[in-house]
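The values are calculated or read from the model by the stated rules, or taken from the named source; none is laboratory data. In this text the structure is predicted, and so the values were computed from the model without any measurement. Cβ placement follows ideal geometry from the backbone for every residue including glycine, while neighbour counts extend to all protein chains displayed. Remember, those area values only see protein heavy atoms, side chains included, never the ligands or the DNA or RNA. Shrake-Rupley method; radii C 1.70, N 1.55, O 1.52, S 1.80 Å.
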Amino acid sequence: MTLKLSWLTAQPVAHRGYHDLNKAVWENTLSAFTRAIEAGYAIECDVQLAADSVPVVFHDDEMTRLTGIKGDVRERTSAELGMLSIGRTKDRVPTLKQLLKLCAGKVPLVIELKGREGEGVDDGFAEAVLEELEGYQGHVALMSFDHHLLKDLKAARSPWPLGLTAEGANPEDFFKHDEAMQIGLDFISYFWGHLPNSFIEAQRKLGVPVITWTVRDENALEKSYTYADQITFEGFVPNSKDQSATA
């Protein structure tokens, strides 16, 4: 592992912030991010592009599960989304800018860009994220399942490390992943349940850091630390004696 990315694996990464499985503290909210900062965990979050081309922190394409309102998150402006309650709590859908202001370099950020299929649908997405990050003082890594977004980030000369979010246990999967790595990526976030495998073993031998998703119990924790370098977790307190304790 290169020294420049040692921070990426230095501490567990809180999946969508340090939430409590959406009981009182909901995923991808400023409350979950504040809790992660206070606990000293790195933060993983998801970013979508709102209708006004502003990056917002939100996982699902459809808004119903998190807001109770039907519709595509991309059809609302960031201002409209900022008025929607998450899980009927005080939290609203935050912008990436709000998250950056809150975090302010206190803990690392691992930001996943949620792309869409279709010609030109994601035009400007990568550039909008990089624009928000301009001048940010702190550790940031960007990742995506979507190869076209990773190519866009690379073409835009991202100053931040870029990673492939991936899964799969078949040779066909590994071929696609190898193609993605040819973009010139710096790390991998892989589904723990598909470890070990030859693709990840080969990448680690090349010095590519690997974090896993999403670790929710002791079995996943042990497997991740055997075959990867760090975990992205939710629903328990990592490194505690009682791995089943709720977060």
* Of the numbered conditions (1) in a helix (DSSP H, G or I); (2) touching a residue at least 60 places away in the same chain (Cβ under 8 Å); (3) within 14 Å of Pro94 (Cβ to Cβ); (4) out of contact with any helix residue (DSSP H, G or I) (no Cβ under 9 Å at 6 or more places or on another chain), Asp46 satisfies every one except a single condition; which is it? -> (1)
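Does Gly115 satisfy the criteria of being of a type in the set (Gly, Ala, Ser) and under 21 Å from His148 (Cα atoms)? Break it down stepwise before answering.
Working: of a type in the set (Gly, Ala, Ser): yes; under 21 Å from His148 (Cα atoms): yes.
Spelling it out, Gly115 is indeed of a type in the set (Gly, Ala, Ser) and under 21 Å from His148 (Cα atoms).
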* Structure fact -> Okay, helices (runs of 4 or more DSSP H) sitting entirely in the range 59-117 with 1 or more residues that are over 16 Å from Glu132 (Cα atoms) and hydroxyl-bearing (Ser, Thr, Tyr), I get 64-67
* Any pair with Cβ under 6 angstrom, 6 or more apart, that starts in the range 78-94 at a residue that is within 16 Å of Val54 (Cα to Cα) and ends at one that is exposed (fewer than 15 other Cβ atoms within 10 Å of the Cβ) -> Ser78/Asp52
* Asked: Restricting the range 61-77 to residues that are of a type in the set (Asp, Glu) and free of Cβ contacts under 8 Å to residues at least 24 places away in the same chain, which is most open to solvent (accessible area, probe 1.4 Å)?
  -> Glu62
* To do: Identify the single condition in (1) of a type in the set (A, V, I, L, M, F, W, C); (2) within 27 Å of Tyr18 (Cα to Cα); (3) in contact with a strand residue (DSSP E or B) (Cβ under 6 Å, 6 or more places away or on another chain) that Ala126 does not satisfy, given that it satisfies every other one.
  => (3)
* Find the residue count for the range 204-228, including only residues that are closer than 18 Å to Leu142 by Cβ and open to solvent by 10 Å² or more (accessible area, probe 1.4 Å). => 2
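Looking only at the range 118-127, which residues are surrounded by 18 or more Cβ atoms within 10 Å (Cβ to Cβ) and either aliphatic (A, V, I, L, M) or part of a helix (DSSP H, G or I) (or both)?
Step one: filter the range 118-127 for residues surrounded by 18 or more Cβ atoms within 10 Å (Cβ to Cβ), giving 122, 125-126.
If the condition is that a residue be surrounded by 18 or more Cβ atoms within 10 Å (Cβ to Cβ) and either aliphatic (A, V, I, L, M) or part of a helix (DSSP H, G or I) (or both), then Phe125, Ala126 are the ones that fit.
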* Return the only residue of Pro161, Pro196, Pro171 being within 24 Å of Lys4 (Cα to Cα) and modelled with pLDDT of 95 or more. => Pro161
